[in-house]
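Asker: Please read through the structure below; I'll follow up with questions.
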Amino acid sequence: MKVFITVTIILLFLNSNLLPCRVIDQSLALKNNTFAGKDQKTIKVNKDTLIVKKCQDFTLTGRGDGIEWKMAKWNLLIKLDSGGNNYRSRFKILYSDKGIYLLFNGEDRKITTQASQDFGAIYEGDAFEVFFHPNPQVPEYFEYEINQLNKVLILMISRKNNKGCDWIPWHYENGKQMTTVVDVVGGGMEAGGQIRSWSAEVFFPYGILDLLDNVPPKNGTVWNANFCRLDYDSDRMIKWSWSPKIKISFHELENFMSIKFE
């Protein structure tokens, strides 16, 4: 056991591209499904492309009422599973010289989550999720989850050689810390509470993405990405996805769609 721990630490810090981080249980990203492990060389930039407009930096409120959001259109998430509630779910995205802005909004009736701590099992309750895959030729990507209690899970994921390894941030500061604000409508921000809708507004500084290629984006840069939602109000997981190609897992990299920075 001592030898294994020592080797792991050496490997992490010998690679100068790695931020300080710690390896977590790889099953976290694959819970209840399996990774679609195609040969990563076959993953291409997809034809359906969302244009991401450039903005000036602004203050988040959780409501998406900043004037800069008028530049971006709403993009609907598609409900993938039968049953449950047909909640309208959507997102907007912008970028600046400092980072990426994301706004999620969805109808809801109940805050169904027990995740009251950051970096917990956010995916086992209601959540919005985003996946950024800046270099589609390399199976390394970023995942972010947030729930109605403003608790988050941040993961850097590698699937090289069809093996899984996930990291969460360490020394989460100095240009890496994200800004998140959640707004709940129709009720209190508490587990089990009755509500009508909720929104999450998030700023991703480029520092949090330093492990990945093709960051920061410039005019004309293309990434693959997906934007998703989980809801458990019906006592089982119901999934939404921007990409209609998702079959089982949100981690199907070959089924992501493309975003182009303007």
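Asker: Return only the number of the condition from (1) more than 22 Å from residue 241 (Cα to Cα); (2) in contact with an Asp or Glu (Cβ under 8 Å, 6 or more places away or on another chain); (3) open to solvent by less than 20 Å² (accessible area, probe 1.4 Å) that residue 193 does not satisfy.
Answerer: (2)
Asker: Of all residues in segment 164-198 being in a loop (DSSP other than H, G, I, E, B) and free of Cβ contacts under 8 Å to residues at least 40 places away in the same chain, which is farthest from residue 230 (Cα to Cα)? Even if it seems obvious, please write down each step before you answer.
Answerer: Residues of segment 164-198 in a loop (DSSP other than H, G, I, E, B): 164, 170-178, 186-193, 195-196.
Going one step further and asking which of them are free of Cβ contacts under 8 Å to residues at least 40 places away in the same chain, we end up with 172-175, 177-178, 186, 188.
Details: 172: 26, 173: 28, 174: 31, 175: 29, 177: 24, 178: 21, 186: 20, 188: 20 Å.
Among them, the one singled out is 174.
Asker: Also, I was wondering about something else. State yes or no: is residue 114 outside any strand (DSSP E or B) and closer than 23 Å to residue 192 by Cα?
Answerer: Taking the combined requirement at face value, the residue satisfies it.
Asker: Additional query: Can you go through 245, 260 and tell me which one is part of a strand (DSSP E or B), open to solvent by 20 Å² or more (accessible area, probe 1.4 Å) and more than 30 Å from residue 195 (Cβ to Cβ)?
Answerer: Matching residue, one of 245, 260: 260.
Asker: Could you please give the count of residues in segment 92-120 that are within 14 Å of the chain's Cα centre (by Cα) and among the hydrophobic types (A, V, I, L, M, F, W, C)?
Answerer: 6
Asker: Next question. Does residue 207 satisfy the criteria of being open to solvent by 10 Å² or more (accessible area, probe 1.4 Å), within 25 Å of residue 96 (Cα to Cα) and modelled with pLDDT under 95?
Answerer: So residue 207 fits the description; yes.
The values are calculated or read from the model by the stated rules, or taken from the named source; none is laboratory data. For clarity, every value in this text was computed on a predicted model and none was experimentally measured. A quick note on method: Cβ atoms are made from the backbone with ideal geometry, for glycine too, and the neighbour counts reach across all protein chains shown. Note: areas computed on protein heavy atoms with side chains; ligands, DNA, RNA excluded. Shrake-Rupley method; radii C 1.70, N 1.55, O 1.52, S 1.80 Å.
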